[in-house]
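Structure first, then comments.
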Amino acid sequence: MSNENEKMSADLQDADTNLREETAEAAPEVAEHDRAAELAAQLAEAQAAVMYAQAETQNVRRRAEKEAQDARAYAATNFARDILSVADNLTRALAAIPAELRADEKLKGLVTGLEATGREIESVFARHGISKIVAVGEALDPNRHQAMMEVPSADAEPGTVVQEIQTGYMIKDRLLRPALVGVAKKPD
């Protein structure tokens, strides 16, 4: 029964189309109206396509601006990672100098020069948005800390960083290098 209904509906549409075409031949204003309606539909379709293209162009421009901004902000990332080992070695060298050698007049200039170099590296890091990650006393944050070992501790809450093995760094709001840490656990 539905096939019959569909067939009747199709036949009626064909009849309406044929009647319209016959009427259009006799009345040119109907043909003009049909052509105007067709042009209006094409215009609406073209306007929608233009709006879509403009929106897509704007999105591409925004993405390109964001990528360029990120490239400028984080251009020094690889160089900064490489220079961190130099800063680490300088820090270890300064920490290894015993107090009696620091007091020795012959080495005082060397120690002062090494300390000044350490301060200058920290100043350069700060100018380029590179900062140390605070680790000791903080809760373990896997986005900034890498746990290397667990340390039994009665004083600190489990999951708290109690030892820093290697300093971590951020460049602006991104992780440059995680801090290698020891984390407190309940004593056995």
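Any idea what the dipole of the chain comes to, in debye rounded to 20, about its Cα centre with Lys/Arg Cβ at +1 and Asp/Glu Cβ at -1?
For the chain, the charge dipole is close to 2220 debye.
To the nearest whole percent, what portion of all C-alpha pairs in the stretch 53-161 is separated by more than 20 angstrom?
In whole percent, the long-distance tail amounts to 66.
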Rounded FRET efficiency, nearest 0.05, which uses the C-beta distance separating Q166 from K186 and R0 of 30 Å: 0.75
Per-selection metrics, the chain (Cα): Rg and Dmax in Å: 37.2, 116
Rounded, prolate or oblate, given the Cα gyration tensor of the stretch 103-188, with a/c below 1.5 counting as rounded? oblate
Per 10 Å bin, what is the whole-percent P(r) computed from every C-alpha pair distance within the stretch 56-111? 19, 23, 18, 15, 12, 9, 4
Given H placed 1.01 Å from N in the peptide plane, which residues other than close sequence neighbours of E150 have an amide H under 5 Å from its amide H? V183
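A short reminder: the numbers here are calculations on the coordinates, not readings from a lab. All figures in this text were calculated on a predicted structure; none of them were measured in a lab. As a convention, Cβ positions derive from the backbone with ideal geometry for all residues, glycine included, and neighbour counts pool all protein chains shown.
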